[in-house]
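> This structure is in structure tokens; I'll ask about it shortly.
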């Protein structure tokens, strides 16, 4: 099979790799499309140190069931040829977290696309545990299956923040996870959603999702957000994750507000302790998603095809994939989401 192999910072190439063979309990998938995640780009540049030479990355994926033994397929409710997505968080299956469907909290978890020992989704073929393969509703555009993973991140963050129809929601950052947070807050019925985003292209996209967009460079973000929401935010979803973004979160939120940290821009941040304690605000962490959040998002995604269509900026085949990584890393491309499609033909 063909696969996109990372060789070190700034170096990635399409190469031939042996076809994977599923073991008992596993399913072989033919990949239809895989999204280039921001973490993949940061791995490509060497920024996050979480990708390793020789690795095949990719975790935002959709494919069709190619093979698997009969018992495995029947037990998972899967059929040959069925269109599916993959929950890339692999729990040990034995701990308390896994028993509760919270594999993201498993101390021995592995993640497809992150673990260098797993040949992941930037390839023609992918092997995944059957329990992690999630069927997509019939009629759903197949490429939208590659969006389920990032959408699940946003939904889990909004759920962690206990988002309800009473909430005035401020989302910090309008990139793919910020976009997912907007859709999640809307899905949960929030009374209003405002997004802080300076990039014009991302601001236009988020505005199309129904949110009010503010440029944080224009002045007092807290006052502007309160004006747009009819009061200070009761829930902030920080899809940036930095000292400045958290300062904005606490400045723009009401007494008793919840602030969910889902972005990971900085590994260490400085917090305004006084603003947290005196106003009795909550700071809540959100990491990935649990099993049910992923599965429910796969079902929900089929109900909003127009919104999801706007999240995909374009696609490339194998020939264009290395250049797409280079353009995203250098800033030449401002795309939010590019899909790598193994079957896409490109002109020489």
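The values are calculated or read from the model by the stated rules, or taken from the named source; none is laboratory data. Not measured: the values here are computed from a predicted model. A quick note on method: Cβ atoms are made from the backbone with ideal geometry, for glycine too, and the neighbour counts reach across all protein chains shown.
> Out of everything in the range 94-104 that is in contact with a helix residue (DSSP H, G or I) (Cβ under 7 Å, 6 or more places away or on another chain) and touching a residue at least 24 places away in the same chain (Cβ under 8 Å), what residue ends up being farthest from residue 14 (Cα to Cα)?
This residue is 101.
Let's see how each residue does on (1) touching a residue at least 24 places away in the same chain (Cβ under 8 Å); (2) surrounded by fewer than 21 Cβ atoms within 10 Å (Cβ to Cβ); (3) in a loop (DSSP other than H, G, I, E, B):
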| position | (1), (2), (3) |
| --- | --- |
| 73 | yes, yes, no |
| 92 | no, yes, yes |
| 117 | no, yes, yes |
| 131 | yes, yes, no |
| 138 | no, yes, yes |
| 157 | yes, no, no |
| 164 | yes, yes, yes |
| 169 | yes, no, no |
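> May I ask you to say which residue of 241, 231 is part of a loop (DSSP other than H, G, I, E, B) and either touching a residue at least 60 places away in the same chain (Cβ under 8 Å) or over 18 Å from residue 152 (Cβ atoms) (or both)?
231
> Just need a number here: residues in the range 302-342 that are farther than 19 Å from residue 42 by Cα, assigned to a helix (DSSP H, G or I) and free of Cβ contacts under 8 Å to residues at least 24 places away in the same chain.
Summing the residues that are farther than 19 Å from residue 42 by Cα, assigned to a helix (DSSP H, G or I) and free of Cβ contacts under 8 Å to residues at least 24 places away in the same chain in the range 302-342 gives 1.
> With respect to residue 276, is the statement that it is under 25 Å from residue 152 (Cβ atoms) and either in the same structural domain as residue 15 (by TED's automatic domain parsing) or in contact with a strand residue (DSSP E or B) (Cβ under 9 Å, 6 or more places away or on another chain) (or both) true?
Considered against the rule, which asks whether it is under 25 Å from residue 152 (Cβ atoms) and either in the same structural domain as residue 15 (by TED's automatic domain parsing) or in contact with a strand residue (DSSP E or B) (Cβ under 9 Å, 6 or more places away or on another chain) (or both), residue 276 comes out as no.
> Among the residues of the range 48-68 satisfying the criterion of being surrounded by fewer than 18 Cβ atoms within 10 Å (Cβ to Cβ) and under 17 Å from the mean Cα position of the chain (by Cα), which is farthest from residue 342 (Cα to Cα)?
By that ranking, first place goes to 48.
> Restricting to the range 191-206, count the residues that are surrounded by fewer than 22 Cβ atoms within 10 Å (Cβ to Cβ), in contact with a helix residue (DSSP H, G or I) (Cβ under 9 Å, 6 or more places away or on another chain) and closer than 17 Å to residue 228 by Cβ.
Total satisfying the criteria: 3.
> Then there is this: Out of 84, 31, report the one residue that is crowded, with 20+ Cβ neighbours inside 10 Å, farther than 19 Å from residue 289 by Cα and at pLDDT 95 or above.
Just one listed residue meets the conditions, 31.
> Moving on. If a residue has to be within 16 Å of residue 120 (Cβ to Cβ), in contact (Cβ under 8 Å) with a residue 40 or more places away in the chain and not in a strand (DSSP E or B) to count, how many in the range 1-20 make the cut?
4
A quick yes/no check of all residues on (1) at pLDDT 95 or above; (2) closer than 29 Å to residue 40 by Cα:
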residue: 243; (1), (2): yes, yes
residue: 248; (1), (2): yes, yes
residue: 259; (1), (2): yes, yes
residue: 264; (1), (2): no, yes
residue: 272; (1), (2): no, no
residue: 281; (1), (2): yes, no
residue: 284; (1), (2): yes, yes
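> Can I ask one more? Check 331, 285, 231, 317 and return the single one that is on the phi > 0 side of the Ramachandran plot, within 22 Å of the chain's Cα centre (by Cα) and surrounded by fewer than 19 Cβ atoms within 10 Å (Cβ to Cβ).
The match here is 331.
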